[in-house]
Structures are given as C-alpha cells and as structure tokens.
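A.B. asks: The structure is given below, and queries will be raised subsequently.
The values are calculated or read from the model by the stated rules, or taken from the named source; none is laboratory data. This one's a predicted model, so the numbers in the text were calculated from it and none came from an experiment. Cβ sites come from the backbone with ideal geometry, for glycine too, and all protein chains shown count toward neighbours. Side chains included, ligands, DNA and RNA excluded: accessible areas come from the protein's heavy atoms. Shrake-Rupley method; radii C 1.70, N 1.55, O 1.52, S 1.80 Å.
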Amino acid sequence: MSEIAQKSEFDQIAEAVAAIRSRWSHEAEVGIILGTGLGNLAGKIEADVVIPYAELPHFPRSTVETHAGQLILGRLQGKRVVAMQGRFHLYEGYTAKQVTFPVRVMKALGASTLIVSNACGGLNPQFRRGDIMLLEDHINLLGANPLIGVNDDRLGPRWPDMIEPYSHDLLDKAKEVALRLGIPVQQGVYVAVPGPSLETRAEYRFLRMTGADVVGMSTVPEVIVAVHAGMKVLGFSIITDMGLPDALQPVQISEIIAAANAAEPKMNQIICGVLDEL
C-alpha cells in the first residue's frame, strides 16, 4: 500500500492546506465553486494567488474542457474568498470523497459559507432556458454519498441533519438582492444524476415526478460535505436547456456553454450583492 493510500482524509486535508498556506496566509471567509460555463466570476476576484490544482497535494485534476482547473485566493466584495474555477464530477471517474475534497480544504482555510453554482437542465415547464434558479433543496440520485465510510469526528458528525442543506437566511438574502437589482429568479429543487449521458425522455418524466425542477451532474456531494462540516450553503443553477419529454430537442454542449455564459453576469451580480451583506 502506498504512503498516500495510508494517510487519513484529515491528514490529506492538512497537507493541502499547508501547501496553500505557504503561498497565502489569510483566513478565508467564503468558498465558491464555479460550474460549467460559469468561471467568469473569477475575473472579479482581486486575486492574491492562483494555484493550479496540479500543484496541490491530493487534489484531483479537472478533465472537463470548460473548467480552468485552478484555485483562486483573494478578495471579492471585500470578503476573503477561495474559489474553485472548475469542479470535479463522478463521471470523470472520481469518488465522491475526491470530488468533495476541495470543500474540506476550504473549511480548513476558515470558510464558513459555501456558494455553489452549476449549469443544469430544466424540468419544470414553467421555467425557461436562461433562467437562474436558487436552490431550496436537492435529491441525490448519484448512487454515492461522500460520507460513506468511517466517520472522522474532527470533520463533522456521523449523521448530519439535512433538513436545511441550503441556508434559508442566504436564500432570503439572494432573493432580496435579485429583487433590488430587478433580476428575476426561480426557486426550486435540484436533482443530481451521475451522467455523463444526458437523460432519455422517460428519465425526464421520472425525474419530474420525483419533485425536481432541474437536473444536473454535480453540486449535491459538495453540499453534503459542506453541511457535514457546519458550513452555510447558497446554491445557484443556470438553466441551459429544457428537458421537456414531449418537446425534447437535441442538445449541443456548445449551446449549453453559450446559455450559461449569457446568464452568468446576472448570477454574478446577485452573488456579489449577497457578499456585500454578509
């Protein structure tokens, strides 16, 4: 067994934090995960340092073409932030623990709040492509949970309560900011599936029957770990295509990216407005 395999998750987190601390000595306040087509917020961060994932111990490597694969540490709206420009997914071949490892590192760096974003498919017929949805809850259909295995009480409790995975206070703040800015937002439930194939007509029907408003391939593992670690979470989805079974159209990834890029500036305004009020 290799030396790396023998190390506990707690020790791996400590090594990654030490590598970051050698280049950035501040205490983080907020962690940010930027999803598919949503990396432009990174340009607004007053970066102290930018670290490619490849230079951080135990970090996976982002294999998704649109994900820059780097950690940005600095200030945004006066808050110390650590931002992932590109996340990890189960469909890349990573375990749920690997996907969520950066959230553990954010918490260890001091972040008490996590802001997550993703591009997703719309299931609710009242939603439209380009809409921004605030996450109020989620459904985990990934077939995996990052907390499976022996629990380390130093990281969080054995049975974390998921009654409020997305902070009601942060959700209210986001809605207030959106209203003040005149940006319409939806609110609903995100369902996570493994991917990478998109859904069939029958699967879209099934997912809508479960109570989901949008579907995606990420976010839920990171939120579970954030809750386990005692962080408050605010989640955003940008609807890049519609999964309406009776009006289904072929989807091009380039169109998904374009839709995310078009809606992202509005989402970023809301995120910045929320940060102002923290």
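A.B. asks: Yes or no: Val99 touching a helix residue (DSSP H, G or I) at 6+ places or on another chain (Cβ under 8 Å), at pLDDT 95 or above and not in a loop (DSSP other than H, G, I, E, B)? Before you say what the answer is, go through the steps one by one.
C.D. replies: Numbers: touching a helix residue (DSSP H, G or I) at 6+ places or on another chain (Cβ under 8 Å): yes; at pLDDT 95 or above: yes; not in a loop (DSSP other than H, G, I, E, B): yes.
It is true that Val99 is touching a helix residue (DSSP H, G or I) at 6+ places or on another chain (Cβ under 8 Å), at pLDDT 95 or above and not in a loop (DSSP other than H, G, I, E, B).
A.B. asks: Would a scan of segment 54-68 turn up a residue that is hydroxyl-bearing (Ser, Thr, Tyr), open to solvent by less than 50 Å² (accessible area, probe 1.4 Å), touching a Ser or Thr at 6+ places or on another chain (Cβ under 7 Å) and modelled with pLDDT under 90? Write out each step before concluding.
C.D. replies: The first filter runs over segment 54-68 and keeps only residues hydroxyl-bearing (Ser, Thr, Tyr), leaving 62-63, 66.
From what is left, the residues that are open to solvent by less than 50 Å² (accessible area, probe 1.4 Å) are 62.
This time we only want the ones that are touching a Ser or Thr at 6+ places or on another chain (Cβ under 7 Å), so: none.
The answer is no, given that none of the residues of segment 54-68 is hydroxyl-bearing (Ser, Thr, Tyr), open to solvent by less than 50 Å² (accessible area, probe 1.4 Å), touching a Ser or Thr at 6+ places or on another chain (Cβ under 7 Å) and modelled with pLDDT under 90.
A.B. asks: Being more than 30 Å from Gln249 (Cβ to Cβ) and of a type outside the set (Lys, Arg) is true for just one of Pro160, Pro221, Pro125. Which residue is that? Walk me through how you get there before you give the answer.
C.D. replies: Working: Pro221 fails: more than 30 Å from Gln249 (Cβ to Cβ); Pro125 fails: more than 30 Å from Gln249 (Cβ to Cβ).
Of Pro160, Pro221, Pro125, the one residue that is more than 30 Å from Gln249 (Cβ to Cβ) and of a type outside the set (Lys, Arg) is Pro160.
A.B. asks: If you take the residues in segment 122-136 that are buried (at least 18 other Cβ atoms within 10 Å of the Cβ) and out of contact with any Leu (no Cβ under 7 Å at 6 or more places or on another chain), which one is nearest to Gly235 (Cα to Cα)? It would help to see each step written out before you state the result.
C.D. replies: Just the residues of segment 122-136 that are buried (at least 18 other Cβ atoms within 10 Å of the Cβ), to begin with: 122-124, 127, 131-135.
Applying the additional criterion that residues be out of contact with any Leu (no Cβ under 7 Å at 6 or more places or on another chain) yields 122, 124, 127, 131-133, 135.
On the way: Gly122: 16, Asn124: 18, Phe127: 17, Asp131: 14, Ile132: 10, Met133: 8, Leu135: 5 Å.
Here the answer is Leu135.
A.B. asks: Moving on to the next point. Of the conditions (1) assigned to a strand (DSSP E or B); (2) within 30 Å of Ala202 (Cα to Cα), Ile72 satisfies every one except a single condition; which number is it?
C.D. replies: For Ile72, the failing item is (2).
A.B. asks: Return the residue satisfying two criteria in turn: it lies in segment 156-212 and is of a type in the set (Phe, Trp, Tyr) and open to solvent by 70 Å² or more (accessible area, probe 1.4 Å), and of such residues it is nearest to Ala119 (Cα to Cα).
C.D. replies: Only one residue fits best here, namely Phe206.
A.B. asks: Search segment 86-117 for residues being open to solvent by 10 Å² or more (accessible area, probe 1.4 Å) and among the β-branched types (Val, Ile, Thr), and hand back the single one that is nearest to the chain's Cα centre (by Cα).
C.D. replies: Among those residues, the one meeting the criterion is Thr113.
A.B. asks: Do you know which residues across segment 228-256 are hydrophobic (A, V, I, L, M, F, W, C) and either out of contact with any Phe, Trp or Tyr (no Cβ under 9 Å at 6 or more places or on another chain) or closer than 24 Å to Asn268 by Cβ (or both)? It would help to see each step written out before you state the result.
C.D. replies: If we filter segment 228-256 for residues that are hydrophobic (A, V, I, L, M, F, W, C), which is where we start, we get 229, 231, 233-234, 236, 238-239, 242, 244, 247-248, 251, 253, 256.
Of everything in segment 228-256, those that are hydrophobic (A, V, I, L, M, F, W, C) and either out of contact with any Phe, Trp or Tyr (no Cβ under 9 Å at 6 or more places or on another chain) or closer than 24 Å to Asn268 by Cβ (or both) turn out to be Ala229, Met231, Val233, Leu234, Phe236, Ile238, Ile239, Met242, Ala247, Val251, Ile253, Ile256.
A.B. asks: Among (1) in a loop (DSSP other than H, G, I, E, B); (2) within 14 Å of the chain's Cα centre (by Cα); (3) of a type in the set (A, V, I, L, M, F, W, C), there is one condition Leu135 misses while meeting the rest; what is its number?
C.D. replies: Condition (1) is where Leu135 drops out.
A.B. asks: Can you tell me which condition Thr219 does not meet? The list is (1) at pLDDT 95 or above; (2) farther than 21 Å from Asp137 by Cα, and all the others hold.
C.D. replies: Among (1) at pLDDT 95 or above; (2) farther than 21 Å from Asp137 by Cα, Thr219 violates only (2).
A.B. asks: Check segment 227-248 and report whether any residue there is assigned to a helix (DSSP H, G or I), farther than 14 Å from Leu170 by Cβ, open to solvent by less than 30 Å² (accessible area, probe 1.4 Å) and of a type in the set (A, V, I, L, M, F, W, C).
C.D. replies: No, segment 227-248 has no match at all.
A.B. asks: Select, from Ile239, Ile139, Ile224, the only residue that is within 23 Å of Ala263 (Cα to Cα) and either touching a His at 6+ places or on another chain (Cβ under 6 Å) or aliphatic (A, V, I, L, M) (or both). I'd like the intermediate steps shown before the answer.
C.D. replies: Details: Ile139 fails: within 23 Å of Ala263 (Cα to Cα); Ile224 fails: within 23 Å of Ala263 (Cα to Cα).
Of the residues listed, the single one that is within 23 Å of Ala263 (Cα to Cα) and either touching a His at 6+ places or on another chain (Cβ under 6 Å) or aliphatic (A, V, I, L, M) (or both) is Ile239.
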